[in-house]
Each structure stands twice: as C-alpha cells, then as structure tokens.
Amino acid sequence: MPEPGQLLYLMGASGAGKDSLVRYAQQHLGKLKSIRFAKRYITRPLNLFNDGNHYAIGSEKFNQLQKIGYFAMHWCRHGFQYGISKEIDIWLAEGNKVIINGSRKYFHTARKDYPELHAVMVRADHEILRQRLLTRQRDSPENIEQRMQSAEDRVDFEDHSRLFTVINNNASLKIAGEKFLNSELAAPCAAPEPHGLADSTPPGQARGAQR
C-alpha cells in the first residue's frame, strides 16, 4: 500500500493570489500524477472564472450534494457556498499531494478533520489587494468593500507552526510561485487522516464534465 499523502491548504484574503499560485503550480507540475489539484464547487456563474479549477453549480444542487455527504469540506463566504469533494480522500490514500484553495474561516475545521494538513497563508499588502480586486472585475463595489474588510481576518497558528508557511505575494507571481513550489511541493509527505472515500463527479454528471 502507498504511504498516505499530504494536504496543502492554501488560504488568504481575496486578491492575495491563491488562484494564481494554483495555476502556477499546475503549469509547472501539472503533468506529475503524484500532485493533485482539488476543484472547488461554488455557487457562482462559471463565466466569472478564467480557469478549470471550479465547478459552478446552483444553490439547490449544492445543498443536495451537501445533504448526501458529498463534500469533504464546505463553507460559506461572501454570499457564496464553496465545497471540496471527497475525491481528495482517495488521492490522499493513494499517497498523493493534494492542493486545495481553502478559506481562513474554515481552517480550524479543516485541521480538525485533517490534523496533518500543511497550511499555506498567502498574503499581500492592503492596497495591492484592492487593486487586484478592481482589476479582475468580478465583484460589485459593495462586495469589494466586504472583501477588503475581511482581509483583516487573522488565523491563530501558534500551535501549528510546524505545518504552517507564509508566502508574501506583493511582487511578481514568479517569486511567490517558486517559493510555493520549492518549499511546499518539494517537502516530504505527512500522514493525514482521510474520513471517507467518494467519486468526485456529482450524481447525474459525467466524470470530467464541467457545469
């Protein structure tokens, strides 16, 4: 049997560059079968995304999947629901490294379910966050202000420093991306505790299809 893999849990304020870091890792390591990128199910129109790292579904469908225990993780943030399917448990059991674009608010729940996850906090200066949010043209002015206020949220990592890394993403993406590749994905795997296996394709949807 393969050794259990490791969960890399990215989080940070809106505009910090989490999606960009995930795409950077995919561009450089996407062909490696030992590294998996978890897609997020989100109740937001698909045309607001510019990559294939999300499933856009309606709130009713999301709630149905949540009720049947389809998600390994799920949370609500800025008026949208987010979910990560239990496919990650299959990948971890196979000994893979699994990268998740998570939430600071959900971190302690994720750490409870996966005690050995490696937390990666992505940070950027306040004005840089605001400029990035304005540039991506994805949110209303009101929503941007809400996201800027929540950018001040802090997470207590004092008891988890062994599996916690900060990446400052104020400069070029290459600088932050290389730090992510070299420090996180090159590290040896820890042993998380999976809590159930499931296929990642929603009921009634063909594997690999996007909504």
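The values are calculated or read from the model by the stated rules, or taken from the named source; none is laboratory data. Since this is a predicted model, take the numbers as computed values, not measurements. Positions of Cβ are generated from backbone atoms using ideal geometry, with glycine treated the same way; all protein chains shown enter the neighbour counts.
What the table shows:
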| item | result |
| --- | --- |
| Set A176, A119: member being part of a helix (DSSP H, G or I), modelled with pLDDT of 85 or more, surrounded by 14 or more Cβ atoms within 10 Å (Cβ to Cβ) and at negative phi | A176 |
| Within the range 66-86, tally of residues that are over 14 Å from the mean Cα position of the chain (by Cα) and at pLDDT below 95 | 3 |
| Residue satisfying all of: in the range 156-169; more than 20 Å from I35 (Cα to Cα) and surrounded by 14 or more Cβ atoms within 10 Å (Cβ to Cβ); modelled with the lowest pLDDT among these | H160 |
| Some residue of the range 26-35 being touching a helix residue (DSSP H, G or I) at 6+ places or on another chain (Cβ under 8 Å), at pLDDT 90 or above and not in a loop (DSSP other than H, G, I, E, B) | yes |
| Failed item in (1) of a type outside the set (F, W, Y); (2) at pLDDT 90 or above; (3) under 23 Å from M121 (Cβ atoms), with S59 passing the rest | (3) |
